[in-house]
Each structure stands twice: as C-alpha cells, then as structure tokens.
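Here's the structure we're looking at; comments come further down.
None of the figures in this text is laboratory data; all of them are computed from the coordinates on show. It should be emphasised that the depicted structure is a prediction, and the values quoted were computed from it without experimental measurement. Here the Cβ positions follow ideal geometry from the backbone for every residue, glycine too, while neighbour counts run over all protein chains shown.
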Amino acid sequence: MNSIVSNIRSIRERMEKACAKSGRDPNEVRLLLATKTVGPENIKIAFQAGETLIGENKVQEIKEKADSLMNIPHEKHFIGHLQTNKIKDILKYNVSCVQSLDRLDLAQKLHQRLLFEQKTMNVFIQVNTSAEKSKFGIGPQDAVALARQVAKLDTLRIRGLMTIGIFSAETGKLRECFKLLKNIRQEIIRENIPNVEMQELSMGMSGDLEIAIEEGATIVRVGTAIFGKRIYPDSYYWNEQQ
Ligand SMILES: *Cc1c(COP(=O)(O)O)cnc(C)c1O
C-alpha cells in the first residue's frame, strides 16, 4: 500500500481511539490535511483514499496547486498567516474558511472584499494559547472582544476557534492550551453575540491530536504524520517575515 494511504489509515485509527476514550462520536471530528509543501500528486493520493478537506498556509501554494486539483471535489481552508494583499486570491481560489483570522484589520479588509464580490466566508478566530512569540493568533484575553467586532461584519460567519498548541514535549502544557481554547469558546457562547456560532474547535496536529480530541477538537490538522517531514521548518510558515 502507498505510504500516504497507510498513514491516513493509522491517523484515522488514532482519531477513533481518542474518540472512544473520551466517549465521543467519531463523526464529530474531521481530519484536515495540512498540505503545505505537499505536491498535488500526493494530495491526489489522499483524495483517492477518501479524504476531502485540506488546509494551506500560503496563497502562493494554493495558486500553484489549483489547476492540478481543479477536477477533484474537495474543501480548502486557509490555516496560515494571511496578508491583506492576498485576500483577493483567497476568494478567487475558493477557500471556504479562513481558520486563521487573528486581527480586526484583516477582518475588515476581508469584509470589504466580500461585500464587493457579494460573497460570505466562514472564519475561525485563531487564538495564541501558548503565548509563544513565534505563533500568530489573538491573545486569549482579547479573543472575546475580537469576536464581538468581527460579528458586526456581516459577510463573515464566525464558526469557531483555532489554535496551534505549544511546541513542547510536556503533554500537560499542551493540554492547557486546548483547555484554554475550549474555555474561550464557552465564554464566547455565554456572551450570546449575534452572528456568532461556536461549533468548531480546530486544534491538534500530528503529535498531539489525541489530547486535542479528548479536549473537544472538532477538526484536527495533520501534515507530517501523513505526508512525511517537510523541508522547511515550521517557523518558515509561522513567522511574520513570511
Ligand atoms: C503545518 C501545520 C499543521 C500540521 O502540523 P504537523 O505537525 O505537520 O501535523 C497544523 N496546523 C497548522 C496551522 C500548520 O501550519
């Protein structure tokens, strides 16, 4: 069997076990393939294995892969740092959800463009739950306020929250990140903000998806464990300079 196909199987098994352990319905948790640096031929192998959801970090990569993936039905989320000058492309290439909305200025510009194109967009608010400077995301203490402001922009549909857990071997610290995201979700739900839904928690990656599922993840984002090691370090994707 192709290694991508067998890797997907083992990830699906890990997801199912984690669901069983925490008494969750496996249908509540979606697998998003984090396809940064992965070529279209390998993404196609994953689609043929039944996967349908990918997440990209760079607009340039979305452009490069668009033609090759055009004829295969799939859903595409944006999970990277989004520069405002790339918003047009996000719409052009049919991204259905921006999971990495982390600042009002970006939300406003996205809203303006969506108004102009008479479209709407699902968004998640990205929260920096680990307080690491290398990671994007709104600070946990500012997340509710950002949700309130974004909610006023009626082309944007807030559907949940996203976080990248702390880069640490200590599972306790990781779990704290995921618990924090879950608590922020509860806080936002309690606020009862019009135009805000909070069903999604996008958290957990190759190394920590079990903990994330136990803490309530509805989307786990997996790259390395399916497609193998990347040639670029994650800092290449997660830093402001890019
Ligand atoms: C790369 C990436 C992932 C996947 O990470 P892996 O450790 O390769 O599974 C998840 N989320 C984001 C935002 C990413 O950039």
For segment 3-123, the dipole about the Cα centre with charges only on Cβ (Lys and Arg +1, Asp and Glu -1), to the nearest 20 debye, works out at 160 debye
Its Cα gyration tensor gives segment 2-226 an equivalent ellipsoid whose semi-axes in whole Å, largest first, are 25, 24, 15
Taking only the alpha-carbon positions of segment 127-186 as identical scatterers, the Debye log10 I(q)/I(0) at q = 0.24, 0.28 Å⁻¹ comes out as -0.98, -1.19
Distance in Å, no decimals, from the C-alpha centre of segment 36-65 to the one of segment 136-151 is 29 Å
Residue-normalised 222 nm signal for the chain, counting each DSSP H run of n ≥ 4 as -39,500 (n - 2.57), nearest 500 deg cm²/dmol, is -12500 deg cm²/dmol
